[in-house]
Amino acid sequence: MDQIETGSGSVLREYGSEQNLLSKPDGSATFLQGDTSVLAGVYGPAEVKVNKEIYDRATLEVVVQPKVGMSSVRERAREQCVRETCEAVLLSTLHPRSSLTLILQVVHDDGSLLSCCLNAACMALMDAGLPMGRLFCGVTCAIDSDSQIITDPTAQQERESRALMTFAIDSKERNVLMSSTKGSFSVKELQQCIALSQKASEKIFQFYRDSVKRRYSKIL
Amino acid sequence: MEAVYSCFREKLGQVILPGDVFCFDVSAVEGSAVRAERVICGPGLRRNGDEILVYKSGILRHKAPNLYWIDSQQKRYVPVKGESVIGIVTAKSGDIFKVDVGGSEQASLSYLAFEGATKRNRPNVQVGDLVYAQFTIANKDMEPELVCIDSCGRANGMGVFGADGLLFKVSLGLVRRLLAPQSEIVKDLEKIFPFEMVVGLNGRVWVKAKTVQQTLIVANLLESCENMTTQQRQVLFRRVAEGSL
């Protein structure tokens, strides 16, 4: 498998995406990072249940469906991470009293699942044409026992790591929108990981642009 | 207008993504030449302080003198005042009909908003009927409202649909291409055989040809136009016209 060099040591696995592949949802996308693959579907702005209605903005609901079995606490934690990132970029005040639903189906998990979920979510939201102030992407970093930082780790690398962190990076100022960390690390290591993620995000945003261009190529 | 146009020029007809911004370089214009200029931001663009923010992905379009918008392929409809849509009547309650237009909320349609309707003479509309109507009220904070008459009280092509025909959904981008004046797709399709077509801006298309078979052919051709280039479409239409379907 080809690896994509982003400079200064951060390496992402090969990634790919397809938009508008499902017929029923208003927006859909798949995102692959190496062997990790997530399918996302977006419905909305649609009718909202009275008890979930917010009078000045849209209600966003995120559902993460695991590959097998029922969704558990782990999926709930992922849902919350994705939901808070999406809420930060969506201009939800433009569609008050409506519901936005984002469904993320895990197709295969080979590490960096949360970042793959974030990337699939962003592509699907773009496909649905929902108003967004900026884009976001997810990057996962692992610190192994030799204090080496690995970006976009596989499941094997995640298991052997000392610390694991995922950041959502925005496309305008390259700021951190969300972070999820596990394990122990120093402040310096955290800053190094953020810097590496910001560097890697450039590649992903360029990839977003290229894949949207490809999608619109037939009607240009 | 030049200063405004120059900042959009290089991106016209190109794909842009949410988060892109357009800034006006006022310093390039000489001090005395600075005049108030208006820019109209269509769908996908909004003002954010001194710059213009893109909030949808799609192709940047321009219409002289100062109208800019983003042409995007979406599926979900958001009501806009003045647009004509195909709705499905879902309920009758008192003096209004509830109509599903594919938006986030059902639109209301007064029974008096039909040609020739009075309090005594109610229009014959049943639940499940299709109506072609226009939005008189459509904004994010209020329930959308439809009418089936124009400002002179004439039907002007709007109202309840007759029997037969087939309704199907396509993307909003395709609908806009169909409704464009001198639409290539409609011109090519007309050459195959005669048919009636109603296109609503909410992505619903209703077609009726002489036979059921022909209706289905037209519907399938329109649906397949979604992801075809002009050449591919012309090849397909030629094959159908020669009777290979």
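Side notes on the structure shown:
- When the test is whether a residue is of a type in the set (Ser, Thr, Tyr), within 11 Å of chain B (Cβ to nearest Cβ) and under 15 Å from the mean Cα position of the chain (by Cα), A:SER171 passes it.
- One residue from A:ASP146, A:ASP110 being among the acidic types (Asp, Glu), farther than 19 Å from A:ARG209 by Cβ and in contact (Cβ under 8 Å) with a residue 40 or more places away in the chain: A:ASP110
- The strands (runs of 3 or more DSSP E) found wholly in the range A:4-108 and carrying at least 3 residues that are at pLDDT 95 or above and either within 14 Å of the chain's Cα centre (by Cα) or within 12 Å of chain B (Cβ to nearest Cβ) (or both) occupy A:27-33, A:36-46, A:59-65, A:99-108.
- B:LYS56 closer than 27 Å to A:LYS218 by Cα and more than 13 Å from every other protein chain (Cβ to nearest Cβ): no
- Filtering the range B:59-75 for residues that are small (Gly, Ala, Ser), within 11 Å of another protein chain (Cβ to nearest Cβ), touching a residue at least 24 places away in the same chain (Cβ under 8 Å) and in a loop (DSSP other than H, G, I, E, B) leaves a non-empty set.
- Contacts under 6 angstrom Cβ, first residue in the range B:221-245 being within 14 Å of B:ASP188 (Cα to Cα), partner exposed (fewer than 13 other Cβ atoms within 10 Å of the Cβ), 6 or more apart: none
- Every residue from the range A:124-151 that is in a helix (DSSP H, G or I) and under 19 Å from A:GLN198 (Cβ atoms): none
- Looking only at residues in the range B:82-107 that are under 21 Å from the mean Cα position of the chain (by Cα) and small (Gly, Ala, Ser), the one that is nearest to B:GLY162 (Cα to Cα) is B:GLY87.
- Every condition in (1) part of a strand (DSSP E or B); (2) polar (S, T, N, Q); (3) surrounded by fewer than 23 Cβ atoms within 10 Å (Cβ to Cβ); (4) touching a residue at least 40 places away in the same chain (Cβ under 8 Å) is met by A:GLN192 except one, and the failing one is (1).
- Test: residue in the range B:203-224 that is within 26 Å of B:GLY103 (Cβ to Cβ) and part of a loop (DSSP other than H, G, I, E, B): yes
- Just so you know, in the range A:195-211 the residues that are of a type in the set (A, V, I, L, M) and out of contact with any helix residue (DSSP H, G or I) (no Cβ under 7 Å at 6 or more places or on another chain) include one that is surrounded by the fewest Cβ atoms within 10 Å (Cβ to Cβ), and it is A:ALA195.
- Counting only residues that are free of Cβ contacts under 8 Å to residues at least 40 places away in the same chain, within 14 Å of another protein chain (Cβ to nearest Cβ) and assigned to a loop (DSSP other than H, G, I, E, B), the range B:103-116 holds 3 of them.
- Listed conditions (1) more than 10 Å from every other protein chain (Cβ to nearest Cβ); (2) at negative phi are all met by B:GLY94, apart from (2).
- Residue check for A:SER179: more than 14 Å from chain B (Cβ to nearest Cβ), among the polar types (S, T, N, Q) and in a strand (DSSP E or B): yes
The values are calculated or read from the model by the stated rules, or taken from the named source; none is laboratory data. Given the structure is predicted, the values throughout are model-derived calculations rather than measurements. For neighbour counting, all protein chains shown are included, and Cβ atoms are generated from backbone atoms with ideal geometry for every residue, glycine included.
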